[in-house]
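The values are calculated or read from the model by the stated rules, or taken from the named source; none is laboratory data. Not measured: the values here are computed from a predicted model. Note that we place each Cβ from the backbone using ideal geometry, even for glycine, and neighbour counts take in every protein chain shown. SASA here: full protein model, heavy atoms, side chains in, ligands and nucleic acids out. Shrake-Rupley method; radii C 1.70, N 1.55, O 1.52, S 1.80 Å.
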Amino acid sequence: VVVVQNASVLELKKALKRHVQLRQARRGGAQHLSWKYIWRTYHLTFNGEKLADDGKKLREYGIRNRDEVSFIKKLRK
């Protein structure tokens, strides 16, 4: 997924959403995913740190070109 150099976490989430929707459309997969459910159930993480603040810049988390972020399931309270 490509985002601008000074993108925020929210912009990364929007780019991930666009990427997955385009990929699903090309492959003929599920037409609708509940992103509300996904963001409620999973955290985006980078090097074990949760990307919790949507307004924070990716640079502040230390994310640079070709770095990987991953989804981890939130623990129930």
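Below, the figures for the structure above:
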quantity: Lone qualifier among HIS43, HIS19, HIS32 - being out of contact with any Cys (no Cβ under 8 Å at 6 or more places or on another chain) and at pLDDT below 90; calculated: HIS32
quantity: Filter result (under 22 Å from LYS74 (Cβ atoms), in a helix (DSSP H, G or I) and open to solvent by less than 80 Å² (accessible area, probe 1.4 Å)) within segment 25-41; calculated: TRP35, ILE38, TRP39, THR41
quantity: Criterion: touching a helix residue (DSSP H, G or I) at 6+ places or on another chain (Cβ under 8 Å) and either part of a helix (DSSP H, G or I) or surrounded by 10 or more Cβ atoms within 10 Å (Cβ to Cβ) (or both) - qualifying residue of LEU22, LEU44, LEU10; calculated: LEU44
quantity: Restricting segment 65-77 to residues that are in contact with a helix residue (DSSP H, G or I) (Cβ under 9 Å, 6 or more places away or on another chain) and in a loop (DSSP other than H, G, I, E, B), the residue that is surrounded by the most Cβ atoms within 10 Å (Cβ to Cβ); calculated: VAL69
quantity: Number of positions in segment 48-64 that are under 14 Å from the mean Cα position of the chain (by Cα) and assigned to a loop (DSSP other than H, G, I, E, B); calculated: 7
